[in-house]
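Notes for the one structure printed next.
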Amino acid sequence: MGSDRRGWWLGLTLATVLVAGACSSDGGAGSDGTGPATSGAGNTDLPDEAAGLMAAEKYRSSRWSLIVEAADGGDPVYALDSGKIGTMGSNAKLYTVGTWLDVFGPDHTIETPVYGLGSVSGGRLDGDLVLRAMGDLVMGSRQAGSGKLAYSVPPQGDANGIPGAKPAPGDPLAGLNDLAEQVAASGVTEVGGDVLIDDRLFQQWETPRPLEISPIVVNDNLLAMVTTPGSAGEPGTVETVPETAAFTIVNDTETVAAGEDTTLSFAPELDAQGNPTNVIAVNGTIATDAEPVLNVYEVPDPATYARTLFIEALERAGVTVSTDPLAVNDASTLPGAESYAAGNAPLGTIESPPISEIATLVWKISHNYGADLAVCLLAVNEGSTDCDDGFGPVRERIGDLGIDQSDVWILDGSGSSVASTTPDAMATWLRWLHSRQWSDRLPEMLPILGTDGSLSLSETDSPAKGRVQAKTGTWAARDPGTGDLLMLDQSLAGFMQGGDGTVYVFALYRHNTSFESLSDILGSLDNVAAVAAALQQSL
């Protein structure tokens, strides 16, 4: 969890995310008759098991709200304070990523080209080699092309706050290696100019969390550092993923006896102006019986990071580069957009998986960077380089559905800070998602109870296993005086199937619960899942 007293983001929570895909061929928002849901009407006589879990002593100061209704419409089966607004955490991804799918269509792909800006003679490119970043989240990594993007739970982005996280599966450099090999195959054996990353697709966006969103993404723009214990009294071993000269690791770790505390931390060294350098010190202790520990560093300059990694890939492919691989990516030297005219064919191109696969990754593990990136790509589609303009299409659909705009608050793509909604509004959004032409894909795109994603460990022995598909959501903040955590939101939102096969939408929220430790929080996640399971079993 964050050590800087800001609210920390936990992707492993319970709330459902919905994808809104397909183009307008199946009707615009609201054309299927999905109007705003009722405001608290319906059966508040909840199943005994659900009511008992919600009434537990540890939730005495919490507020619960929920709605369950048939996806095809009608009166709610259950509703409790469903018209009251509250924080939603990662449930916001249902609104933002769903809109992204709806605008572009689930089969849309993203092409990332590399251009040679100059003539080639005798294998030498007399000019710059430019990779034009287009907002591909995976860039050939996570086993792209296999049909399902690979992930681990907890995801690598949560490594600094949640024990047990592992680096993302697959080779994070696969896409850059592919592009480098294509450059070599084109006949270029030497780059006479510079190697540059053109990241001008949109302006780098600092989200409220905060997180810097860039059009170029390699390994989630993280440097993963894996520390393995050595012999007692000796340093541990620190390896980075990816392996690169972009950063220098100073290993100040110590291996301690089995059973002793593992307390690892890291920090970049600062220059005279207080800016982080590419030297990172890893320090602390790791016990001899400890599993390898993952820490991740959010790189401050994604374009410079990608530039170094691309130059290293080119050299592996046999392309000689004379420019300094550790130099800053100098965007000021990039040419105008006309340099990428149709007459200048790229030397190499990689294509992303369909964005339905990317959306699935984002929803399954609550991938914050991916959800924020979707908002920026919506802005680009609107003709803007300002990511805030990406909220326009989201708001347009919310309005078309008859949802009161004040019932949905979104500050970024992933659901940080005060992102809020009502269960009624979320249910209306989910019913709309269910009406999309590609809605048959939704059950596999969301975390599935007891089966995969952020719900893989919840209700694994329940008869509801596999019959609830939902996006988790959590938002919490630490009290610096007590060290306690206030969970502003734990939520689940998505779909469930009744005994007769009827599909229901549901939105379930618990607000304002205090905890003394992370383990208490993780245990309470199962309670939210258990409430959802009890609701499903009653249908």
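Accessible area per residue for the chain in Å², computed with a 1.4 Å probe and the full protein assembly in place, what is it?
37
Only protein heavy atoms count here; on that basis, with a 1.4 Å probe, His108 has an accessible area of about 70 Å². Principal axis extents of the C-alpha atoms in segment 469-539 (largest first, rounded to whole Å): 51, 15, 14. Put simply, when 295-306, 418-429, 200-211 are sorted by average Cβ atoms within 10 angstrom per residue, most first, you get 418-429, 295-306, 200-211.
Derived from the Cα gyration tensor, the three semi-axes of the equivalent ellipsoid of segment 303-392 are 29, 19, 15 Å, largest first. Residues Lys465, Lys148 ordered from highest to lowest accessible area at a 1.4 Å probe: Lys148, Lys465.
Stretching Gln204 away from Asn344 to a fully extended chain increases their span by 47.7 nm, per 0.36 nm per residue minus the current alpha-carbon distance. State the percent of C-alpha pairs, over all pairs in segment 293-350, separated by a distance greater than 17 angstrom. Counting every Cα pair in segment 293-350, those more than 17 Å apart make up 58 percent.
For the Cα atoms of the chain, what angle does the longest principal axis make with the long axis of helix 368-381, in degrees from 0 to 90, nearest 10? Long axis of 368-381 versus the principal axis of the chain: about 80 degrees.
Scaling against 2.2 N^0.38 Å puts the C-alpha radius of gyration of segment 234-301 at 1.20.
Cα axis of helix 423-434 to longest principal axis of the chain: angle in degrees, 0 to 90, nearest 10? Between helix and principal axis, roughly 60 degrees. Taking all protein chains as shown and a probe of 1.4 angstrom, Glu181 keeps an accessible surface of around 110 Å². Quarter the surface of the alpha carbon convex hull of the chain and you get the mean projected area, 26.0 square nanometres. Shown in residue order for segment 274-283 are the 3J(HN,Hα) couplings computed by the Karplus curve 6.51 cos²θ - 1.76 cosθ + 1.60 at θ = phi - 60°: x, 8, x, 9, 8, 9, 10, 9, 10, 9 Hz (x for Gly and Pro). Viscosity 1.002 mPa s, temperature 20 °C: give me the Stokes-Einstein translational D for segment 170-213 in µm²/s, with Rh taken as the Kirkwood radius over C-alpha pairs. Estimated via Stokes-Einstein, D reaches 158 µm²/s. The alpha carbons of segment 329-381 stretch over 40, 22, 22 Å along the principal axes, in descending order. For a 23 Å ceiling on Cα separation, which of these pairs sit above it: Lys364/Lys465; Lys148/Lys465; Lys84/Lys364; Lys58/Lys93? From Lys364/Lys465; Lys148/Lys465; Lys84/Lys364; Lys58/Lys93, over 23 Å: Lys84/Lys364; Lys58/Lys93.
Computed with the Debye formula from one identical point scatterer per Cα of segment 94-178, without solvent, the log10 of I(q)/I(0) at q = 0.20, 0.22, 0.23 Å⁻¹ comes to -1.08, -1.15, -1.18. Of the listed residues Ser519, Ser417, Ser141, the order by accessible area with a 1.4 Å probe, largest first, is Ser519, Ser417, Ser141.
In the chain, what percent of the accessible surface is made up of carbon and sulfur (1.4 Å probe, ligands and nucleic acids excluded)?
After summing per-atom areas, the C and S share lands at 47 percent.
For Val279, the amide hydrogen comes within under 5 Å of the amide hydrogens of Thr248, Glu269, counting only partners 5 or more places away or on other chains and with H modelled in the peptide plane.
If eta is 1.002 mPa s and T is 20 °C, what Stokes-Einstein diffusion coefficient results for segment 241-343, Kirkwood Rh from Cα pairs, in µm²/s? Value of D from the Cα-based Kirkwood radius: 128 µm²/s.
Extents of segment 154-276, taken as max minus min of Cα coordinates on every principal axis and listed largest first, are 55, 37, 35 Å.
Based on every Cα atom in segment 96-237, Rg and the maximum pairwise Cα distance Dmax equal 18.9, 58 Å. With viscosity 0.890 mPa s and temperature 25 °C, the Kirkwood radius over alpha carbon pairs of segment 386-451 converts through Stokes-Einstein to a diffusion coefficient of 182 µm²/s.
The values are calculated or read from the model by the stated rules, or taken from the named source; none is laboratory data. Worth saying up front: this structure is predicted, and the values here are computed from it rather than measured. Glycine also receives a Cβ, built like all others from the backbone with ideal geometry; neighbour counts cover every protein chain displayed. All accessible areas refer to the heavy atoms of the entire protein, side chains included, with ligands and DNA or RNA removed. Shrake-Rupley method; radii C 1.70, N 1.55, O 1.52, S 1.80 Å.
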